Amino acid sequence: MPKYAENLVLIPGLNNTKQTWDGVLEALPKTINAFPVDVPAIPNIDDIAKDLLKDLPEKFHLVGHSFGGFVALAILANAPERVSALSLIGTNAEADSETGKEFRKKAIARVEAGEYEDMVNAAAHRTFHPDNLDNAELQEIREQMLIDYGPDRYIAHAKAIMNKPDRGSLLANTDIPYLFIASKDDLVIPLESTKAMLEYAPNAVFKTIEKTGHLAPLEQPEALTEILLPWLEI
């Protein structure tokens, strides 16, 4: 029997709560202590990392999805001695582009005008694989997450993204096991954007996952866990 990491921290993406990891948690070996977190409504990525670190185990494997990947990289930057290995799913290590910042400013204005749920629901076709748009169970989970996540958290996290630094040099200068995972059907953070992190971490394992859009932990939890398991072995 393989031996797995003792502690696993899982960080969800924008508009997601720790509920997004429920399917992954069910598929993980029970010997692993899993710590799915909700990301606090703090408008600075490094301050988010410092806040989360207060309640995390002393040493852990770390998984971040999308915005959670940005947070995971901030955790690595702030406490490299505590991160045993890092997996990044549907994310990248770049600073926000000027185009991205303009998009987020407009999104924040819409949310401040009371349009949070309408705005996010209108983007469902971009976040889910077409096969999953009519999956009632997945859409119900997503609706509940939107309620639990809320507009205040969205505004804080959008501001945190706008001001996050490039983390390429961090990846290049930190020697731990990396696993990068992407979907060719991800329209939010395209596969090539995730794959580009190999430029900084050429020894990283890069895997693709099928039949999912941007929300791999929610859409394909069992397939995602299968990819994570070899990386979790110690």
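Quick rundown of the values:
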| quantity | calculated |
| --- | --- |
| Residue list for the range 135-167, restricted to those being in contact with a Phe, Trp or Tyr (Cβ under 9 Å, 6 or more places away or on another chain) and basic (Lys, Arg) | Arg142, Lys164, Arg167 |
| Arg104 being in a helix (DSSP H, G or I), farther than 30 Å from Asn203 by Cα, free of Cβ contacts under 8 Å to residues at least 60 places away in the same chain and not aromatic (Phe, Trp, Tyr) | yes |
| Selected residue [modelled with pLDDT of 95 or more, surrounded by fewer than 23 Cβ atoms within 10 Å (Cβ to Cβ), under 17 Å from Arg153 (Cα atoms) and among the hydrophobic types (A, V, I, L, M, F, W, C)] from Ile11, Ile42 | Ile42 |
| Hits in the range 180-234 (condition: among the acidic types (Asp, Glu), over 23 Å from Arg142 (Cβ atoms) and part of a loop (DSSP other than H, G, I, E, B)) | none |
| Where a residue in the range 217-234 is more than 15 Å from His129 (Cα to Cα) and its partner, wherever it lies, is among the hydroxyl-bearing types (Ser, Thr, Tyr) and surrounded by 22 or more Cβ atoms within 10 Å (Cβ to Cβ), with Cβ under 7 Å and at least six apart | Leu228/Ser87; Trp231/Ser87 |
| Test for Ile161: is it among the β-branched types (Val, Ile, Thr) and within 16 Å of the chain's Cα centre (by Cα) | yes |
| Flag for Ala201 being of a type in the set (Gly, Ala, Ser), at pLDDT 95 or above, surrounded by 19 or more Cβ atoms within 10 Å (Cβ to Cβ) and within 15 Å of the chain's Cα centre (by Cα) | no |
| Some residue of the range 119-142 being in a helix (DSSP H, G or I), of a type in the set (Phe, Trp, Tyr), in contact with an Asp or Glu (Cβ under 9 Å, 6 or more places away or on another chain) and in contact (Cβ under 8 Å) with a residue 24 or more places away in the chain | no |
| Unique residue being in contact with a helix residue (DSSP H, G or I) (Cβ under 9 Å, 6 or more places away or on another chain), loosely packed, with under 15 Cβ neighbours inside 10 Å and of a type in the set (D, E, K, R) when the list is Asp148, Asp175, Asp166, Asp185 | Asp148 |
| Residues of the range 52-65 satisfying the condition of being touching a strand residue (DSSP E or B) at 6+ places or on another chain (Cβ under 7 Å) and not in a strand (DSSP E or B) | Leu56, Pro57, Lys59 |
| Of all residues in the range 39-81 being more than 15 Å from the chain's Cα centre (by Cα) and of a type in the set (A, V, I, L, M), the one that is nearest to Val9 (Cα to Cα) | Leu56 |
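Residue by residue, here is whether (1) part of a loop (DSSP other than H, G, I, E, B); (2) among the acidic types (Asp, Glu); (3) closer than 21 Å to Gly213 by Cβ holds:
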{"site": "Val39", "(1), (2), (3)": "yes, no, yes"}
{"site": "Lys50", "(1), (2), (3)": "no, no, no"}
{"site": "Ala74", "(1), (2), (3)": "no, no, no"}
{"site": "Ser87", "(1), (2), (3)": "no, no, yes"}
{"site": "Glu94", "(1), (2), (3)": "yes, yes, yes"}
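The values are calculated or read from the model by the stated rules, or taken from the named source; none is laboratory data. On a predicted model such as this, the values are computed, not experimentally measured, just so you know. In this analysis, Cβ positions are derived from the backbone assuming ideal geometry, glycine residues included, and neighbour counts consider all displayed protein chains.
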